[in-house]
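The values are calculated or read from the model by the stated rules, or taken from the named source; none is laboratory data. Just so we're clear, the structure is a prediction, and the values are computed from it rather than from any experiment. Glycine also receives a Cβ, built like all others from the backbone with ideal geometry; neighbour counts cover every protein chain displayed. In case anyone asks, the SASA skips ligands and DNA or RNA and just uses the protein heavy atoms, side chains included. Shrake-Rupley method; radii C 1.70, N 1.55, O 1.52, S 1.80 Å.
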Amino acid sequence: MGCSGCSSGRGCNTAAKSLPGGCKNNGSCGIGGCNKLGVFDWLAGMELPHGQKPFDIVEVRFKNSRKEFYRNTEGIELNVGDVVAVESAPGHDIGVISLTGELVKMQMKKKGIAFDSPEIKKVYRKAKQSDIQKWQEAQSLEFETMHKARKIAVGLGLQMKLSDVEYQGDKTKATFYYTADDRVDFRELIKILASEFKVRIEMRQIGARQEASRLGGIGSCGRELCCSTWLTDFRTVNTSAARYQQLALNPLKLAGQCGKLKCCLNYELDSYLDAIKHIPMNDVKLETERGIAFHQKTDIFKRIMWYSYTDAPETFIPLTIEKVKEIMEMNAKGKKPADLQGHQIIQQEKEVLPDYENVVGQDSISRFDEHKQNNKNKKPHQQEGQRQAVNHNQKSSKPKRANNNNSNRKKGNAK
């Protein structure tokens, strides 16, 4: 997200090799480039079986996360990163090869696209320098076009949000991506935009998650958004996923930049569901001769449950899941233990503290000034004592020099 190419979603190898875009590294990024939804070709460099022809369909990446499949009918030698001119309706479009070879088959199976589908368009040729220049001119118009279109939509009073604009490679078509809660009548908007920008206009509605995927950003975890880097299928996320993981139902923390619940709530949900199967229900109270105890909290993976008596809710008593089940079975038979204190965990796991102090962020800002301040704050009699000690050391060194001189004189007289 650090280079300027990410704002347009074209990545490091946007232009030709003579005109590197993005962070100016010409595709030699140390972190694998800034392309969205990049795929590692683990079959690259492997030779095909004897007599087998290379797969004639390639994956082409366009602006942001838009990718499509095209058929290489002319048998052109294409590699990842090549800029190609592909078939479009109408005219042609310019894109970058993102995947070739046998791995394209797996991507097509994953997305449910048939190999012999007639909807798969063709690759015309490798892009010429004139094609790339026109493509770059089209890219430079997108930012200004989007802001003008937003002002026009606001002037017409349309309840919609224009989030992105993508020009076709030949500058004959512009696709406007927008989000809206209700149905929008944008016929008048299309007429004004067509007369203003002199291109063919296409309006395409997307969801909130697709909008975040196209625009990108940094999540609360400090990393790039999953939807703009690797996530392709947007599954529904419910608040029950947060309840199973014992997370606070705080909308500010559970919602992502798209305003919906974070997709990462589903990542560890299966592990929590497997662990919860062996944990008793939280709404069951434990009956003892001391009184009734209710559930406070549960550590799912340590298999510990905390209970408190109704008359002492501030005292948490830790119990293992096995002990809780044992007490529940006793209550079902009409028996009651004397107290939960006799069943609690005696030796709890101690928290391991780090063996260092003053880590980054905990040092005092004025730690380098402490020595100077101590000298200034010293009392006068302490400073005087230091001066006397220094003078005493100087005086003690002088007699030694005198003794040396006397010894030399005695030697001279003896001669």
- Item | Of the criteria (1) more than 30 Å from Gln133 (Cα to Cα); (2) surrounded by 13 or more Cβ atoms within 10 Å (Cβ to Cβ), which one Asp164 fails | (1)
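Report yes if Lys126 is under 32 Å from the mean Cα position of the chain (by Cα) and not small (Gly, Ala, Ser), otherwise no.
Details: under 32 Å from the mean Cα position of the chain (by Cα): no; not small (Gly, Ala, Ser): yes.
So Lys126 does not fit the description; no.
Okay, residues lined up against (1) out of contact with any strand residue (DSSP E or B) (no Cβ under 9 Å at 6 or more places or on another chain); (2) under 30 Å from Ser213 (Cβ atoms):
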| residue | (1), (2) |
| --- | --- |
| Thr229 | yes, yes |
| Asp233 | yes, yes |
| Thr239 | no, yes |
| Leu273 | yes, yes |
| Pro280 | no, no |
| Glu287 | no, no |
| Ile304 | no, no |
| Glu322 | yes, no |
| Glu329 | yes, no |
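Which members of region 203-229 meet the condition of being at negative phi and open to solvent by 50 Å² or more (accessible area, probe 1.4 Å)?
Initial filter on region 203-229 (at negative phi): 203-215, 218-221, 223-229.
Selection gives Arg204, Gln205, Gln210, Leu215, Ile218, Ser220, Cys221, Arg223, Glu224.
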- Residues that are in contact with a strand residue (DSSP E or B) (Cβ under 8 Å, 6 or more places away or on another chain), under 19 Å from Gln168 (Cα atoms) and open to solvent by less than 100 Å² (accessible area, probe 1.4 Å), drawn from region 179-202: Ile190, Leu193, Ala194, Phe197, Val199, Ile201, Glu202
- Task: Considering each residue of region 140-170, count those that are more than 17 Å from Lys198 (Cβ to Cβ), touching a residue at least 40 places away in the same chain (Cβ under 8 Å) and in contact with a Lys or Arg (Cβ under 6 Å, 6 or more places away or on another chain), and give that number.
- Result: 1
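Every residue in region 265-289 that is part of a helix (DSSP H, G or I), among the hydroxyl-bearing types (Ser, Thr, Tyr) and open to solvent by 90 Å² or more (accessible area, probe 1.4 Å), please. Before you say what the answer is, go through the steps one by one.
Taking region 265-289 first, the residues part of a helix (DSSP H, G or I) are 265-266, 269-276.
Add one more test, that the residue is among the hydroxyl-bearing types (Ser, Thr, Tyr), and what stays is 271-272.
Across region 265-289, there are no qualifying residues.
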- Query: Since Ala89 meets every condition but one in (1) within 23 Å of Glu137 (Cβ to Cβ); (2) at pLDDT 90 or above, which condition does it not meet?
  - Reply: (2)
- Output the strands (runs of 3 or more DSSP E) that fall wholly within region 55-137 and possess 3 or more residues being farther than 27 Å from Asp233 by Cβ and open to solvent by 40 Å² or more (accessible area, probe 1.4 Å), or say none. 121-126
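Would you confirm, using the coordinates I've provided, whether Ala241 is over 30 Å from Asp131 (Cβ atoms), buried (at least 18 other Cβ atoms within 10 Å of the Cβ) and under 21 Å from the mean Cα position of the chain (by Cα)?
Working: over 30 Å from Asp131 (Cβ atoms): yes; buried (at least 18 other Cβ atoms within 10 Å of the Cβ): yes; under 21 Å from the mean Cα position of the chain (by Cα): yes.
The answer is yes for Ala241.
Would you pick out the residues in region 212-251 that are in a helix (DSSP H, G or I) and closer than 20 Å to Lys111 by Cα?
First, the residues of region 212-251 that are in a helix (DSSP H, G or I): 212-215, 226-229, 239-244, 251.
Within region 212-251, Ser213, Arg214, Cys226, Cys227, Ser228, Thr229 meet the criteria.
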